[in-house]
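Heads up, the thing below is written out as structure tokens.
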Amino acid sequence: MAKKSKKKEDETKKVVAKCNNPNEVVANCDHPKEVIANCENSQETTLSQYDIEKLIVTVRGEQVLIDQDIARIYGVTTSRLNQQAKRNIARFPESFRFQLTKEERDEVVANCDNLRSLKFYPSLPYAYTEQGIGQLSTVVHSKIAIERSIMIMNAFVAMRRFMVQNAGILIRIAHLEKHQIETDQKMDMLLDRMDKQAPKLLPEQIFATGCV
């Protein structure tokens, strides 16, 4: 038991050495590896608004960020992020933060390589809308969280502007896809009808080689 405690203490010291957020270490000492990974991510200088835009997904018709990605951007653990939201639940109505269903989780995992690890999480992830991100910056108290929240908000604005500017093209693409589906369905019906109406060959009409 003493050895296990010593090992845990050594891991925590490694986190303190790598991470400039000791409060996060103390609060999440049961998850030192996740803290190390997220603290290293939070100190990256190459994170751009475009990088964040690529993480935005659409769920229930809303553009959202999944809790795991937000935690990485902020340099905290996912559990810590959601704990802060739960402690201030009045700030997070359903329109700001909602938990994905199993089907929604499976869909984002299938479509987003960066979210594949969610498949093995014991609990379903939470999604945060643009307004939810704004509230997170008030409950996750760190300089990096405030700075990254601004970047995230700008990313949402940029995505919304892109959707507005390209609305015509997106509608046309959707129309073409619908037209293609309808065409494929009509072709399937036509081929099925032709197959049913085609005269059946009698055994004597077929040579030994299998040719008519």
Tally of residues being farther than 18 Å from S48 by Cβ and free of Cβ contacts under 8 Å to residues at least 12 places away in the same chain across segment 122-153: 4
Filter result for Q43 (modelled with pLDDT under 50, under 20 Å from K143 (Cβ atoms) and surrounded by fewer than 22 Cβ atoms within 10 Å (Cβ to Cβ)): yes
Selection from segment 111-139 of residues that are at pLDDT below 90 and of a type in the set (A, V, I, L, M): L115, L118, I133, L136, V139
Qualifying residue in segment 104-114 (condition: small (G, A, S) and over 17 Å from R148 (Cα atoms)): yes
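The values are calculated or read from the model by the stated rules, or taken from the named source; none is laboratory data. Please read these numbers as outputs of a predicted model, since none were measured by experiment. Glycine also receives a Cβ, built like all others from the backbone with ideal geometry; neighbour counts cover every protein chain displayed.
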